[in-house]
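Everything on this sheet refers to the single structure shown next.
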Amino acid sequence: MTIRRTTALAAAATVLSLTALTGCNDDAPSAAPAPAAPPATTPAATPTTPDAAPTSAPTSAQTSAPASGPAAASASAPASAPAEAPAGGVIDPEQALAQAARTPYAASQDFRTEGGPLVATTTGRINLNGKVRTGRITESLGAGGGPAGDPVVVTEDATYVKSGSGWRKSPLGDRIADYHGYAKALLALGPAARKGMEEQNGAPAFHLSGTLDLEKMRAVDAEHYLNLKRMGVTSFQLDQWIDAQGRTVRFDQRVEIRGTATRTYGTFRDFGPVEPVPAPN
């Protein structure tokens with residue numbers, strides 16, 4: 001099962017409004033809604049303000065297990081050790097993001113979107129900060145996340161979706177978000193967005209937080225921008241944690257869509273050098 005953003009939005013009662021962030025694809029058959037009770041862990045009823053951290057930490061973010069299937073199979077490169085804070089123990093976010101812009105890397109991704117009766121999850125191994133973001137991802141949609149869907153492989157020139165015993169090729173599209181661009185947008189908000197040093201999964205990280213105007217996101221995440229704009233969203237709350245090398249280690253976005261609080265959150269781990277992503281056979 002692969003998730004088409006435009007049709008799954010209605011089925012999930014806004015839960016997939018943020019799936020541009022987690023890599024769901026546009027051109028696969030739409031997922032039929034499954035009757036389900038609201039997830040046990042509901043999104044925050046009141047999104048936090050720019051001056052506070054999220055009221056509920058992502059549970060899967062703190063206890064993420066190694067991804068299975070395509071995500072695990074592609075994680076062949078040795079993972080680098082967590083980035084240490086520079087001398088003095090404080091990360092300079094501007095310098096860290098500048099370094100990340102020059103150094104593409106691979107990471108394992110575990111994400112979850114909650115809002116309405118269904119939950120969307122995305123796991124995968126992706127390459128970030130290169131000229132083209134590539135990787136292998138698997139999506140699911142249902143109560144508590146639902147069964148795993150078909151794998152999606154994003155190469156430098158196309159996207160491939162598993163279809164039966166073969167693969168279907170589609171335009172590249174906007175499968176993997178520009179998390180570096182989001183962090184830069186938060187930093188551009190000024191001093192109020194700099195919340196300071198916090199530990200994430202045992203390693204030092206710098207916390208950025210603020211309310212981003214949707215119109216400023218057009219260049220960062222064009223398809224995600226269009227999805228939210230169609231539903232009348234004008235801004236959203238974002239908290240993001242980066243390490244000393246400017247890599248995103250945790251991401252938490254909250255937005256209200258037609259009266260429903262929707263949250264997309266997750267973590268990145270097992271950083272390493274960029275990994276080749278060939279077209280599947």
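No value in this document is a laboratory result; all are computed from the given coordinates. Just so it is clear, the model here is predicted, and its values are computed rather than measured. Neighbour counts are summed over all protein chains in view; Cβ atoms, including those assigned to glycine, are modelled from backbone coordinates with ideal geometry.
Here are some notes:
- Segment 185-242: C-alpha gyration tensor shape, a/c 1.5 cut-off, then a/b vs b/c: prolate
- Given charges at Cβ of Lys, Arg, Asp, Glu: segment 196-279 dipole, positive-most of PRO273, GLY246, LEU214: LEU214
- Neighbours of ARG136, meaning other residues whose beta-carbon lies under 11 angstrom from its beta-carbon, give a summed charge of +2 when Lys and Arg score +1 and Asp and Glu score -1.
- Cross-link table LYS195/LYS216; LYS131/LYS169; LYS195/LYS229, entries beyond 24 Å C-alpha to C-alpha: LYS195/LYS229
- For segment 153-223, convex hull of alpha carbons as volume per residue, Å³: 140
- 3J(HN,Hα) along segment 256-271, derived from phi through the Karplus expression 6.51 cos²θ - 1.76 cosθ + 1.60 where θ = phi - 60°, amounts to 9, 10, 6, x, 10, 6, 10, 9, 10, 8, x, 9, 10, 8, 6, 5 Hz, with x in place of Gly and Pro.
- Per principal axis, descending, Cα span of segment 129-281 in whole Å: 51, 39, 31
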